[in-house]
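Trainee: Here it is, the structure in full.
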Amino acid sequence: MTYNYNTTSLLTVNKNSTHMIGTLYLAPQKNIMNAAYYGIEYDDKAINLSKINLCKKATNGCATSCIYHQGILKNSDFAKNRIKQARLKRTFKFLLQRDDFFIRLIKEIRSLEKKAHKEGLSLAIQLNGTSDILWEKEAFEFKEGKYENIMSFFKQVQFFDYTKYDIIKSRKNLPSNYHLTYSRAGMHKGKLIDDWAFLQNLLEKNIDVAVIFKKEIKEKLLNYSTFRGYKIIDADLNNCRASDIYHRENNKGLVLAHEAAKKTDITNSGFIIQNQEELDKYFSQV
């Protein structure tokens, strides 16, 4: 039996003043387990859904606050939630129909290259809109060629992503056109995943660190140009993280301040910094 996992497109396109950005949204963490509720069929002999996790470093806090579950996606009926259905279908296509997945991805990126050029914009691609896949290790074949990853196929295109993997240890030797930003994790099962010493080590090695704050804390911090000695910028002003390198100073990474969206589900895991007490607790220099 052939399963149809086609969607209108793989990439969702947005623009700012300088970039056209194509983002791939898949089903994060272990959410593929919910496929049946959305009426999506699959061959259980071809895939064991219980073993699929597209965000292996996800913490309790980020799983709860993930954009995959927020806004219009939070409480809508399964059958009517077309956005989640599409993300699940794209995930199955990536996992089970890889040849067709990469054919379509290449076609869409080529099309966006032409559109961006026509509009005088630079093209940037974000493949982990709601996942944390190591795309630099996702090899594929296209026509008669074999490629280590999609970045090696589009060497002239800038790719970027957030990640909770330790970039220094786990994601070495990245393609030159693949920019990663570390996404601070907070607590997980009672353990602090990334204390200030860990984050500072990244910043010292010219790696940017994204942190999510409640509105009041973010606004307070942005009254200053630095945080704990490192330049801090408003990450919500520009959604193309690859361009952050132009804000860096003294070969140090940036602290990227994000504001938690309204009505986001928040736990006490420290993933989203809610007040001064948490700021002092999780970013202690001692």
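Laboratory data are not the source of any read-out in this text; all were calculated from the coordinates shown. These numbers were taken from a predicted model, which means no experiment stands behind them. Glycine gets a Cβ as well: all are built from the backbone with ideal geometry, and neighbour counts include every protein chain shown.
Trainee: Specify whether the C-alpha gyration tensor of the range 192-286 places it in the rounded, prolate or oblate class, a ≥ b ≥ c being the square roots of the eigenvalues: rounded for a/c under 1.5, otherwise prolate if a/b is larger than b/c and oblate if not.
Mentor: On the way: a/c = 1.71, a/b = 1.22, b/c = 1.40.
The shape class here is oblate.
Trainee: Additional query: Starting from the range 184-274, pick out the trypsin sites (Lys or Arg not before Pro) whose DSSP state is loop and whose Cβ has at most 10 other Cβ atoms within 10 Å. Intermediate values should be presented prior to the final figure.
Mentor: Numbers: sites: ARG184, LYS189, LYS191, LYS205, LYS214, LYS215, LYS218, LYS220, ARG228, LYS231, ARG241, ARG248, LYS252, LYS262, LYS263; in loops: ARG184, LYS189, LYS205, LYS214, ARG228, ARG248, LYS252, LYS262, LYS263.
Answer by residue number: LYS189, LYS262, LYS263.
Trainee: Order these by the 10 Å Cβ neighbour count, fewest first: MET33, MET20. Can you show the working numbers first?
Mentor: On the way: MET33 13, MET20 22.
Neighbour counts put them in this order, fewest first: MET33, MET20.
Trainee: Order these by the 10 Å Cβ neighbour count, fewest first: ASP234, ASP195.
Mentor: Taking fewest neighbouring Cβ atoms as first place, the list is ASP195, ASP234.
Trainee: Moving on to the next point. Note the angle between two axes, namely the Cα long axis of helix 82-96 and the longest principal axis of the Cα atoms of the chain, as a number of degrees from 0 to 90, rounded to the nearest 10.
Mentor: 70 degrees
Trainee: Over 23 Å between Cα atoms, which of LYS218/LYS281; LYS84/LYS146; LYS15/LYS56; LYS89/LYS191; LYS30/LYS57; LYS155/LYS231 qualify?
Mentor: Working: LYS218/LYS281 16 Å; LYS84/LYS146 32 Å; LYS15/LYS56 30 Å; LYS89/LYS191 34 Å; LYS30/LYS57 12 Å; LYS155/LYS231 30 Å.
Check vs 23 Å cut-off fails for LYS84/LYS146; LYS15/LYS56; LYS89/LYS191; LYS155/LYS231.
Trainee: Further, regarding this structure: Can you spot the aspartates and glutamates whose alpha carbon is less than 13 Å from LYS164's alpha carbon? Ignore those fewer than 8 places along the same chain.
Mentor: Once the sequence-local aspartates and glutamates are set aside, what remains near LYS164 is ASP132, ASP194, ASP208.
Trainee: Still on this structure, I have one more. Work from the charge dipole of the chain (Cβ charges, +1 for Lys and Arg, -1 for Asp and Glu, about the Cα centre) and give the residue of SER131, ALA261, ASN173 farthest towards its positive end.
Mentor: So the residue we want is SER131.
Trainee: Specify which labelled value, from (1) 14.3; (2) 17.8; (3) 16.2, agrees with mean projected area of the Cα convex hull in nm² derived from the coordinates of the model shown.
Mentor: Calculated mean projected area of the Cα convex hull in nm²: the matching label is (3).
Trainee: Please state the relative contact order of the chain as a whole percent: Cα pairs under 8 Å, 6+ residues apart? Each step should come with its number before you reach the end.
Mentor: Values: 465 pairs, mean separation 55.5, N = 286.
19 percent.
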